[in-house]
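Working notes for the structure below.
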Amino acid sequence: MQSNGEGQGQDSELSCLNSAQNGESSSAVGTHSNGVLTSTNNGNNVGAGLGSGTCVASTSSGSEVGSMKKKKLLSQSEEDVIRLIGQHLDGLGLNQTVDLLMQESGCRLEHTSATKFRNHVMEGEWDKAENDLNELRALMHSPNAIVRMKFLLLQQKYLEYLEDGKVLEALQVLRGELTPLKYNTDRIHVLSGYLMCSHAEDLRAKTEWEGKGTNSRCRLLDKLQTYLPPSVMLPPRRLQTLLRQAVELQRDRCLYHNTKLDSSLDSVTLLLDHVCSRSATHSGKQFPCYTQQILTEHCNEVWFCKFSNDGTKLATGSKDTTVIIWQVDPESHQLKLLRTLEGHAYGVSYLAWSPDDTYLIACGPDDCSELWLWNVPTGELRTKMSQSHEDSLTSVAWNPDGKRFVTGGQRGQFYQCDLDGNLLDSWEGVRVQCLWCVGDGRTVLASDTHQRIRGYNFEDLTDRNIVQEDHPIMSFTVSKNGRLALLNVATQGVHLWDLQDRVLVRKYQGVTQGFYTIHSCFGGHNEDFIASGSEDHKVYIWHRRSELPIAELTGHTRTVNCVSWNPIIPGLMASASDDGTVRVWGPAPFLDTQEVDGLNENCSNMDS
């Protein structure tokens, strides 16, 4: 490891020219604006092809340079940048380049005491490293941190002695150096147990430690640096950290980014800003904006659609009394009819997959008192449940254990049942519009006719208010992590609520929502997107942080009742409409530049 910047003093001035003094000759290298290297030795230019903008070092034996460019005083940010570049180059092993950079800039890569400390740690000279801490004490914001740093040093020293089989020396470190610190006694007890390790491999396995060597000592330095101010020793790989943060921020602000986040800088270019579009360019190839398939097998209004949890199937329910199960091709993402489930006399207005996708429950509209529980692999009806002909069972939600479900409707029914339809619990007088089971397995969220969402605990029979709206909540869904709820509110549109803080986060604009029941959804990688149907025949897509839609998908000719985003394939989405069709949306096919521009300018007319 190079001792960069040592002995350079506090001079922070830059000069484009170097001079030779006291009659000594000098040699310097300058870089042309086009990359041509030049050198001068005793005033003789041996380079060629120099043009304007070249920084040339001109010297003459025994004399000062007659003309010197005005030295520039570096700002703090400029010094920081130079240090960051120096650290990165040093990590690449370009030590001579780092020395030259520090020499020309007058900066120091790190404090001389920190450099000594670094070298002693990397060489395993623990006594010297411990002495270096006394020099660093005056440079630290928290002198108490010295004890923590010393503990980390001695812990490494102790483990290395053990690995080398020097048990007596390790015991001396434990008793005579670590224990007197009176710090982290629990850890000292754990360390003492390692004395019983029979060999080095056993020690490394029990400690989850890499063993004596460069890697473990580098990790030790990373921990030690956290106690030192950055002016003394830079945090490890600081430039890479800043670049990674910049890339992540650009991706986070990108409205169309819909691919898995990759923290590696090798997967991106740092020469251009990150840009996605709706078209099949960049990461936009994962954004569903194009009708890739129209399913016309239903012969009446299609009220609901829902992808299975594993993304391999789509279930659609219709006024025509049928449920159709569609198989998703894993390669082409085309859908083909797998099975038709018949006999739902009132039509199918809601569907819910069991957590393992084995079962599918179908509910009807307001005047339907029955629900159907289907075995999807076999196509057999396992349960047809009806408690009373006066009931209205219009919504259902599965318990996370897959053995129970809750169902209810606007006539005051709210039941918890097993897979055979047996009633386990009931809650009287709750007029349910929509249901969702929380991940704790105990709480059920229910929107009711009082324009609110309440949490009901079936174990201790308690309930509490969570969301209060000013207009009827027609439907709602919850994000995978259970934190956010997406509500379709009558005459208001789509609202995003934080269930933990119980606050309204955002109101999304554009959608036409009257008193029809329209189901919206989260979608895309990390559920960054929101999609909803609309009474104006469109599918609207928003980025979760943006109130304005980023895409309006056209093609349906009547109200779009439901939208479902595939949970596994981020570029696949389905929409169900009163026009009797289900549209499957995928990424736009490859287009040339002019077609891409036209597609981006006319997103409201994107049709197959």
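Can you find, within region 392-401, the residue that is nearest to the chain's Cα centre (by Cα) among those that are crowded, with 16+ Cβ neighbours inside 10 Å and either part of a loop (DSSP other than H, G, I, E, B) or not assigned by the TED database to the domain that holds residue 428 (or both)? Lay out the reasoning, then the answer.
Kept after step one, since they are crowded, with 16+ Cβ neighbours inside 10 Å, are these residues of region 392-401: 392-399.
Narrowing further to those that are either part of a loop (DSSP other than H, G, I, E, B) or not assigned by the TED database to the domain that holds residue 428 (or both): 392-394, 399.
On the way: 392: 41, 393: 38, 394: 36, 399: 27 Å.
Only one residue fits best here, namely 399.
Evaluate region 402-409: report whether one residue or more is over 22 Å from residue 519 (Cα atoms) and assigned to a strand (DSSP E or B).
If we filter region 402-409 for residues that are over 22 Å from residue 519 (Cα atoms), which is where we start, we get 402-404.
Restricting the remaining residues to those that are assigned to a strand (DSSP E or B) gives 404.
Within region 402-409, one or more residues are over 22 Å from residue 519 (Cα atoms) and assigned to a strand (DSSP E or B).
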**Message:** Considering only residues that are at pLDDT 95 or above, touching a Lys or Arg at 6+ places or on another chain (Cβ under 8 Å) and either open to solvent by less than 10 Å² (accessible area, probe 1.4 Å) or not assigned by the TED database to the domain that holds residue 301 (or both), which ones fall in region 563-579?
**Reply:** 564, 574, 575, 577
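So that you can scan it fast, the table gives a plain yes or no per residue for (1) touching a helix residue (DSSP H, G or I) at 6+ places or on another chain (Cβ under 7 Å); (2) in contact (Cβ under 8 Å) with a residue 40 or more places away in the chain; (3) open to solvent by less than 70 Å² (accessible area, probe 1.4 Å):
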{"position": "138", "(1), (2), (3)": "no, no, no"}
{"position": "159", "(1), (2), (3)": "yes, yes, yes"}
{"position": "173", "(1), (2), (3)": "yes, no, yes"}
{"position": "178", "(1), (2), (3)": "yes, no, yes"}
{"position": "226", "(1), (2), (3)": "no, no, no"}
**Fill in**
Only unsatisfied item for residue 124, checking (1) within 18 Å of residue 237 (Cα to Cα); (2) in a loop (DSSP other than H, G, I, E, B); (3) at pLDDT 90 or above; (4) not hydrophobic (A, V, I, L, M, F, W, C), is (1)
**Message:** For region 228-256: of the residues being at pLDDT below 85 and part of a loop (DSSP other than H, G, I, E, B), which is least open to solvent (accessible area, probe 1.4 Å)?
**Reply:** 254
**Message:** One residue is enough: does region 374-391 have a residue meeting the conditions more than 13 Å from residue 419 (Cα to Cα), among the acidic types (Asp, Glu) and open to solvent by less than 20 Å² (accessible area, probe 1.4 Å)?
**Reply:** yes
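Kindly indicate whether residue 371 is among the aliphatic types (A, V, I, L, M) and surrounded by fewer than 17 Cβ atoms within 10 Å (Cβ to Cβ).
Values: among the aliphatic types (A, V, I, L, M): yes; surrounded by fewer than 17 Cβ atoms within 10 Å (Cβ to Cβ): no.
Answer is no for this residue.
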**Prompt:** Taking region 190-210 only, how many residues are part of a helix (DSSP H, G or I) and either in contact with a Cys (Cβ under 9 Å, 6 or more places away or on another chain) or open to solvent by less than 90 Å² (accessible area, probe 1.4 Å) (or both)?
**Reply:** 13
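Please list, ordered by residue number, the strands (runs of 3 or more DSSP E) wholly in region 470-578 having 2 or more residues that are under 29 Å from residue 328 (Cα atoms).
Numbers: elements: 473-478, 484-489, 493-498, 503-508, 521-523, 529-532, 539-543, 551-553, 560-565, 573-577.
Filter on region 470-578 gives 473-478, 484-489, 521-523, 529-532, 539-543, 551-553, 560-565, 573-577.
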**Item:** Selection from region 414-467 of residues that are open to solvent by 60 Å² or more (accessible area, probe 1.4 Å) and either of a type in the set (Phe, Trp, Tyr) or within 30 Å of the chain's Cα centre (by Cα) (or both)
**Value:** 436, 439, 440, 442
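The values are calculated or read from the model by the stated rules, or taken from the named source; none is laboratory data. Small disclaimer: the values here were computed from a predicted structure and weren't measured. All Cβ positions, even for glycine, are placed from backbone atoms using ideal geometry, and neighbour counts span all protein chains on display. Side chains are part of the model used for accessible areas, which takes the heavy atoms of the whole protein and leaves out ligands, DNA and RNA. Shrake-Rupley method; radii C 1.70, N 1.55, O 1.52, S 1.80 Å.
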